[in-house]
């Protein structure tokens, strides 16, 4: 979205103008809103714009600190043992490249390379803040790790 006074521009599936007429606009961030904002219009209520927010994988119930049951087997067979360890480390708690390197006792360039590949595969997300980059698990990465946990016998 962008503001070009006096207009709020927003990507929307169809060309549509919403005139507020002094009523204001309620902005609602939503985890469940995908790609583009959605307008909810009821002439008796203030106009509402629901917009997507960045999805934190921890909102989906992945709890850092839980060890994936097959982290050293199936995921390692798929990704390689070091890359699986990087994914598991980021799954326990978001980490900088330096923290990943320190926790796994690998070089910072190696940690960076593994993080780049995992990010390219959509398993981790990286956010830059100043000189620091923080890697966190994506929902896909969480699903991969969660899928490795043993299911209770029924």
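Figures for the structure shown
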read-out	value
DSSP beta bridges in the range 2-53 [antiparallel fraction, %, rounded to 5]	55
Ranked packing of 113-121, 125-133, 81-89, most packed first, by mean Cβ within 10 Å	81-89, 113-121, 125-133
Rg over Rh [alpha-carbon atoms, Kirkwood Rh] for the range 2-53	0.94
Protection-proxy order for peptides 101-107, 20-26, each taking the mean of Cβ atoms within 10 Å per residue, highest first	101-107, 20-26
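Every number here is computed from the coordinates shown, using simple stated rules; none is lab data. Remember, it's a predicted structure, so these values are computed and weren't measured experimentally. We place every Cβ from the backbone using ideal geometry, glycine too, and count neighbours over all the protein chains shown.
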